[in-house]
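The values are calculated or read from the model by the stated rules, or taken from the named source; none is laboratory data. Keep in mind that this is a model prediction, so the values were computed, not measured. Quick reminder, even Gly has a Cβ in these numbers, built from the backbone with ideal geometry, and neighbours come from all protein chains shown.
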């Protein structure tokens with residue numbers, strides 16, 4: 001069991017308020033991702049759950065029990081740090097087994113559990129190596145192994161893939177996902193990369209400046225962002241936001257249309273635009289165009305489109321995917 | 001790209017380095033050579049450098065006259081003992097300052113501190129005057145000063161870590177001779193004169209600021225992440241310091257200890273004033289050869305060589321660590 005609840009959590013460093021009243025419930029077995037721009041407080045929130053920081057006010061509950069006053073060692077959680085934080089003077093075996101040693105387990109038990117965790121993560125051949133003799137991906141796995149072996153109530157990941165190269169990142173993303181399916185333990189994952197959030201989570205918590213902006217499944221946030229912030233944050237490239245007359249015409253202060261939800265024609269359409277940059281990725285084509293009526297537009301076309309900079313295109317947004325926002329930036333249904 | 005120096009310039013610089021090195025080393029070299037001369041040769045003018053009758057008579061006589069081994073034993077016990085105990089105090093202190101510093105946004109600490117100290121002194125003085133029969137001797141002065149330090153201690157316990165560090169450093173700025181008399185009298189009354197415990201305590205207190213400062217700078221280099229990982233792994237504070245921090249900080253602890261041992265070995269003020277024969281270390285051994293009849297150069301040299309030999313050998317074998325410790329922080 002690993003449900004985590006936050007009630008009215010506030011955190012201030014001196015006079016600077018970093019977390020402003022967060023209420024959140026994460027059910028047992030969920031994969032929750034805290035996502036947001038740099039400085040939004042997502043890492044701080046994770047550390048508050050872990051117990052590495054003290055709350056200014058509010059409560060943290062694990063399985064219904066108030067653990068606000070309990071130290072990190074006794075909360076029964078495991079954390080994977082961005083910098084891996086492996087013990088440099090211990091071998092992989094020592095790193096993974098450290099927690100068990102601290103818990104006073106017998107050497108035979110420790111050996112068995114370490115062996116099991118190492119096997120799950122393909123680390124059996126590296127058990128006697130020191131962290132400095134491992135690659136980034138291997139170190140990451142040791143950090144995860146260290147967390148798994150404790151059989152915690154929940155895993156906490158603090159931007160664990162930031163230090164890896166792109167290809168390895170994709171691979172580790174999949175592995176973490178598989179781990180979640182296998183262990184079925186609650187996982188809380190912090191990242192600034194919304195692609196990681198969208199692919200791994202079953203619940204995303206979007207944070208900005210210490211407050212929760214929206215909580216929901218990835219597709220909920222994609223299809224029904226409740227405000228301008230979430231609409232611009234989720235989705236890559238960013239949603240096109242249009243103000244002025246074209247928005248007023250549709251009864252809103254701002255309208256938004258995602259790059260993949262607009263149709264492009266070289267002959268006719270609603271908005272006329274001149275292409276400034278055309279990015280050809282082979283699988284997609286991104287057009288960055290400038291329109292006199294609606295301003296800059298980014299359009300995504302599937303496959304290869306033979307459009308070059310300087311060409312004139314006509315863009316028509318698909319009605320069903322048009323988002324409308326009022327003057328406070330909130331969604332109009 | 002590395003800067004190229006012309007060969008001529010490099011030769012000149014190397015030669016200069018050798019000259020400077022030899023100049024600095026010369027006194028030690030001369031002492032070493034003189035220890036093998038007869039007293040007459042030691043006084044010879046013009047001085048004889050290498051060509052004299054080499055003899056071991058000085059070493060024999062030095063060992064006959066005084067018990068070198070006892071002095072050496074005291075030096076070893078005092079240097080190592082005092083600093084090992086100091087380590088047990090300094091490691092937790094440095095941990096606290098490096099990883100759990102108290103940061104209180106307080107301005108004008110010094111002014112408030114002085115105000116509180118003056119208030120405490122005034123209060124103590126007034127109290128004593130009111131009580132009457134006050135004999136203004138060292139005990140009274142001492143007690144007043146002790147009371148005055150209470151607000152300092154209170155403030156230190158609740159104020160910024162940087163202030164505490166500064167205050168510790170400031171205790172090294174005062175010349176020891178300023179408190180020679182009070183300390184001597186205290187030691188006398190507490191039966192700590194010429195006792196290894198007494199002089200050991202003194203060395204401990206003198207070295208604590210250095211130990212804490214150096215360990216503090218080393219600990220600050222250790223990423224907090226790793227200690228937090230240990231906490232998440234269920235380590236208590238003791239386990240965190242014992243199993244994670246100390247092994248990682250071993251190079252830092254080693255260089256700090258080496259420096260502290262060398263400083264204690266060479267400490268020649270308190271060791272001379274607070275010991276006579278039972279607890280006297282090698283510094284007193286050398287000083288005892290400054291006889292009223294005059295200086296016996298050859299025997300003095302032999303005594304000096306015997307006194308510095310152990311520490312010189314230790315320093316030679318650990319020079320890499322020492323250099324690292326002393327230049328620490330210069331290059332990030």
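What residue, among those in the stretch B:234-247 that are touching a residue at least 24 places away in the same chain (Cβ under 8 Å) and surrounded by fewer than 21 Cβ atoms within 10 Å (Cβ to Cβ), is farthest from the other protein chains (Cβ to nearest Cβ)?
The residue in question is B:241.
For residue A:29, state whether it is over 22 Å from residue A:233 (Cβ atoms), touching a residue at least 60 places away in the same chain (Cβ under 8 Å), more than 14 Å from chain B (Cβ to nearest Cβ) and under 18 Å from the mean Cα position of the chain (by Cα).
Answer is yes for this residue.
Testing residue A:195 on (1) within 13 Å of another protein chain (Cβ to nearest Cβ); (2) in a helix (DSSP H, G or I); (3) out of contact with any helix residue (DSSP H, G or I) (no Cβ under 8 Å at 6 or more places or on another chain), one condition comes back false. Which one is that?
Here residue A:195 meets the rest and fails (1).
Among the residues of the stretch A:64-75 satisfying the criterion of being crowded, with 16+ Cβ neighbours inside 10 Å and either within 7 Å of chain B (Cβ to nearest Cβ) or modelled with pLDDT under 90 (or both), which is farthest from residue A:149 (Cα to Cα)?
A:72
Being within 7 Å of another protein chain (Cβ to nearest Cβ), assigned to a loop (DSSP other than H, G, I, E, B) and either surrounded by fewer than 21 Cβ atoms within 10 Å (Cβ to Cβ) or out of contact with any helix residue (DSSP H, G or I) (no Cβ under 8 Å at 6 or more places or on another chain) (or both) is the filter here; which residues of the stretch A:82-106 pass it?
Hits for the stretch A:82-106 are A:83, A:88, A:89, A:103.
Having 1 or more residues that are under 24 Å from residue A:302 (Cβ atoms) is the bar; report the strands (runs of 3 or more DSSP E) wholly within the stretch A:199-280 that clear it.
A:240-243, A:254-257, A:262-265, A:271-280
So which residues in the stretch A:45-72 are under 12 Å from residue A:152 (Cβ atoms) and touching a helix residue (DSSP H, G or I) at 6+ places or on another chain (Cβ under 7 Å)?
A:50, A:72
Here is a yes/no grid of residues against (1) touching a helix residue (DSSP H, G or I) at 6+ places or on another chain (Cβ under 6 Å); (2) modelled with pLDDT under 85; (3) surrounded by fewer than 19 Cβ atoms within 10 Å (Cβ to Cβ); (4) within 14 Å of chain A (Cβ to nearest Cβ):
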| residue | (1), (2), (3), (4) |
| --- | --- |
| B:265 | yes, no, no, no |
| B:268 | yes, no, yes, no |
| B:293 | no, yes, yes, no |
| B:310 | no, no, yes, no |
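Check residue A:127 against each of (1) within 13 Å of chain B (Cβ to nearest Cβ); (2) surrounded by 14 or more Cβ atoms within 10 Å (Cβ to Cβ); (3) more than 22 Å from residue A:25 (Cβ to Cβ) and name the one condition it does not meet.
Failing condition for residue A:127: (1).
Conditions tested, residue by residue: (1) modelled with pLDDT under 90; (2) surrounded by fewer than 18 Cβ atoms within 10 Å (Cβ to Cβ); (3) touching a strand residue (DSSP E or B) at 6+ places or on another chain (Cβ under 7 Å).
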position: A:193; (1), (2), (3): yes, yes, no
position: A:200; (1), (2), (3): no, no, yes
position: A:204; (1), (2), (3): no, no, yes
position: A:210; (1), (2), (3): no, no, yes
position: A:213; (1), (2), (3): no, no, yes
position: A:218; (1), (2), (3): no, no, yes
position: A:223; (1), (2), (3): no, yes, no
position: A:227; (1), (2), (3): no, no, yes
position: A:231; (1), (2), (3): no, no, yes
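Give the residues of the stretch A:298-321 that are surrounded by 16 or more Cβ atoms within 10 Å (Cβ to Cβ) and either assigned to a loop (DSSP other than H, G, I, E, B) or at pLDDT below 90 (or both), sorted by residue number.
Selection gives A:305, A:307.
Confirm whether residue A:143 is facing another protein chain (nearest Cβ under 9 Å), in a strand (DSSP E or B) and either modelled with pLDDT of 90 or more or in contact with a helix residue (DSSP H, G or I) (Cβ under 7 Å, 6 or more places away or on another chain) (or both).
Taking the combined requirement at face value, the residue does not satisfy it.
Out of the residues in the stretch A:37-63 meeting the condition of being within 18 Å of residue A:3 (Cα to Cα) and assigned to a loop (DSSP other than H, G, I, E, B), tell me which one is farthest from the other protein chains (Cβ to nearest Cβ).
Top of the filtered list is A:63.
Which of the residues that make up the stretch A:155-164 are touching a helix residue (DSSP H, G or I) at 6+ places or on another chain (Cβ under 8 Å) and on the phi < 0 side of the Ramachandran plot?
Result: A:155, A:156, A:157, A:158, A:160, A:161, A:163, A:164.
Just to be sure before I move on: is residue A:112 surrounded by fewer than 22 Cβ atoms within 10 Å (Cβ to Cβ) and in the same structural domain as residue A:193 (by TED's automatic domain parsing) in the structure I sent?
In short, yes.
Could you tell me whether the stretch B:219-233 includes any residue that is out of contact with any strand residue (DSSP E or B) (no Cβ under 8 Å at 6 or more places or on another chain), modelled with pLDDT of 85 or more and more than 14 Å from every other protein chain (Cβ to nearest Cβ)?
Yes, the stretch B:219-233 contains at least one residue that is out of contact with any strand residue (DSSP E or B) (no Cβ under 8 Å at 6 or more places or on another chain), modelled with pLDDT of 85 or more and more than 14 Å from every other protein chain (Cβ to nearest Cβ).
Among the numbered conditions (1) out of contact with any helix residue (DSSP H, G or I) (no Cβ under 8 Å at 6 or more places or on another chain); (2) over 14 Å from residue A:189 (Cα atoms); (3) more than 14 Å from chain B (Cβ to nearest Cβ), tell me where residue A:13 comes up short.
Among (1) out of contact with any helix residue (DSSP H, G or I) (no Cβ under 8 Å at 6 or more places or on another chain); (2) over 14 Å from residue A:189 (Cα atoms); (3) more than 14 Å from chain B (Cβ to nearest Cβ), the lone unmet condition for residue A:13 is (3).
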